[in-house]
1. Before we move on, is Leu74 at pLDDT 95 or above, buried (at least 22 other Cβ atoms within 10 Å of the Cβ) and assigned to a helix (DSSP H, G or I)?
2. Does region 347-379 hold any residues that are acidic (Asp, Glu) and free of Cβ contacts under 8 Å to residues at least 40 places away in the same chain, and which are they?
3. Failed condition for Asn213, given (1) out of contact with any Phe, Trp or Tyr (no Cβ under 8 Å at 6 or more places or on another chain); (2) on the phi > 0 side of the Ramachandran plot, with all others met?
4. Hey, could you check region 242-267 for residues that are open to solvent by 80 Å² or more (accessible area, probe 1.4 Å) and among the acidic types (Asp, Glu) and say which is farthest from Ile295 (Cα to Cα)?
5. Within region 94-126, can you find the residues that are among the β-branched types (Val, Ile, Thr), open to solvent by less than 30 Å² (accessible area, probe 1.4 Å) and farther than 30 Å from Gln500 by Cα?
6. With the checklist (1) open to solvent by 10 Å² or more (accessible area, probe 1.4 Å); (2) in a helix (DSSP H, G or I); (3) under 20 Å from Val146 (Cβ atoms) in hand, flag the one item Arg409 doesn't pass.
7. Please indicate, with yes or no, whether at least one residue in region 445-458 is of a type in the set (Asp, Glu) and either within 21 Å of the chain's Cα centre (by Cα) or part of a loop (DSSP other than H, G, I, E, B) (or both).
8. It is to be established whether one or more residues within region 44-51 are in a loop (DSSP other than H, G, I, E, B) and either of a type in the set (D, E, K, R) or in contact with a helix residue (DSSP H, G or I) (Cβ under 6 Å, 6 or more places away or on another chain) (or both).
Amino acid sequence: MRTFIRVAIATALGSSAIVAAPAHAEAPQALKDEVATEVEAQRKQIQVMVDQIFSYAEPGFQEIKTSEYLTGILAKNGFTVTKGVAGIPTAFTATWGKGGPKIALGSDIDDVLGVSQMPGVPYLKPIVEGAPGHGEGHNSGMPLMVAAAIATKKVMLKHGLEGRLMLWPGVAEELLATKAYYVRAGLFKDVDASIFTHVSSDFSTGYGEMGGNGMVSVEYSFKGKTAHSAGMPWEGRSALDAVELMDVAWNFRREHLPLTQRSHMIITNGGGQPNVVPDKASIWYFFRERTFADIRKLYETGNDIAKAAALATGTTVSQQTLGYAAPNFGNKPLAEAAYANIKAVGMPKWSADDQAFAKAAQTYNERKIEPLKSEVSELSTPENRKTSMGGGSDDIGDIMWAVPTITIRFPSNIPNMIGHNSTSAIAMATPIAHKGVEAGAKAVAMTVLDLVTTPKLIADAKAYFTDVQLKTDTYAPVLTDKDVPAIWLNERNMQLYRPQMEKYYYNPAKYPTYLDQLGVKYPMLEGPAK
């Protein structure tokens, strides 16, 4: 294989250039320039993909239109699509290539409940009141990966480079509910390296223990006995009392938990009506901590408190795991290679309109005023990161513990917006999002070329994975053989909102951009009418 790669590179650069090429480090610059040009050639398609998925606005496990759309594009471009992987209807893999290293490329596709937002409008204005929306910017990541894969495939075919690509979507990431099942199903068992992307306002990557929390998602369901709430309440056993007691008990326990933990809940079933003692009630928790052992310990504490609440109220309790996310750990050799490409690509060239719109969005939403960034961030390392006191989670961590993996953050959003919030949807179907996706696609495509032309890079990535990462902790998810993906989640929500949302689906055959379809003139700088 090494000889084959050298011959292919010589074809691309000329036989004299191969001597000077850093074969141990990266792909030749001529190939990278070529793949960047192939990404640029997809500029219109990038805009359409980003806008189309934004308009579908589908939450976890309900990404039906999004999945159909992406698999259709990939199939037309020569990828072999397998749908419904890991028992998840909206999950898929799309593969291409024979022989050589296998590179996985993935990003999330789901959105957030209740954050519908008109793109290109600098203040809060829902498209459909109460509906889901891309308030985390997940409409942008898979378009980036599709563009990168198509560009890389063309260059690999042209120069006879060996390698295999596997694209996959992060389904229900906001529920942290699928990637552990991908790993359990063996989707990554023959993958050599994995690149993941996530939207941001910066352009960066990193390695080592990344500082976020892992998490387990669990719903506790209590069962009691109904009775007339006024006539004979003594005959009842309130499941809602148990839910409320668990909530109070957990909140008392917080004072005596490590500072790194994060825990939060919603009541998913609070009974029927006030004059009937509820016989069924449920509460859903996310328990987050820094290590596998501490996640399990927090989870077991929740289980104990649930049992105590049941005993105190004369009810019974059952529980169901709805999701899991491992702590994140980035691969050093992959991150260093990707960062070199991020620096080579650089930040997008923001226009005066882009900067004006970003400032307007920050102003009307009372966010810190900060221009769109002009320089890439530094490589994030264990040495320059602040000590983590806990925080958010991302189930890419499960894949990071199965195969050498990094996350590339790409600049498609406005600085200082609020995560899981309508403010983070404002820019996600505007030129800001489109330009960031193009930049990210170039960096990903260049890094894939590094991997398929440089056997040592993959060898180094695997060595770091085995000799460094796996010596820091052991992958031990809080899942049992009986746990299955919670594919029913969000179904009722979309039954309610999809009929209202369908009339706003983007029609690229009729409108150049989604903003044109919505009648939004970019950049819109004025605030809401008073």
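The values are calculated or read from the model by the stated rules, or taken from the named source; none is laboratory data. What you see is a predicted model; the values in this text were computed from it and never measured. In this analysis, Cβ positions are derived from the backbone assuming ideal geometry, glycine residues included, and neighbour counts consider all displayed protein chains. Ligands, DNA and RNA are excluded from the accessible area calculation, which covers all protein heavy atoms including side chains. Shrake-Rupley method; radii C 1.70, N 1.55, O 1.52, S 1.80 Å.
1. Yes.
2. Glu366, Glu375
3. Single failed check for Asn213: (2).
4. Glu244
5. Within region 94-126, the first condition is being among the β-branched types (Val, Ile, Thr), and the residues that meet it are 95, 103, 109, 112, 115, 121.
Going one step further and asking which of them are open to solvent by less than 30 Å² (accessible area, probe 1.4 Å), we end up with 103, 109, 112, 115, 121.
Of everything in region 94-126, just one residue is among the β-branched types (Val, Ile, Thr), open to solvent by less than 30 Å² (accessible area, probe 1.4 Å) and farther than 30 Å from Gln500 by Cα, namely Ile103.
6. (2)
7. Of the residues in region 445-458, the ones of a type in the set (Asp, Glu) are 450.
Subsequent filtering for residues that are either within 21 Å of the chain's Cα centre (by Cα) or part of a loop (DSSP other than H, G, I, E, B) (or both) retains none.
No: zero hits.
8. Checked region 44-51: no residue is in a loop (DSSP other than H, G, I, E, B) and either of a type in the set (D, E, K, R) or in contact with a helix residue (DSSP H, G or I) (Cβ under 6 Å, 6 or more places away or on another chain) (or both).
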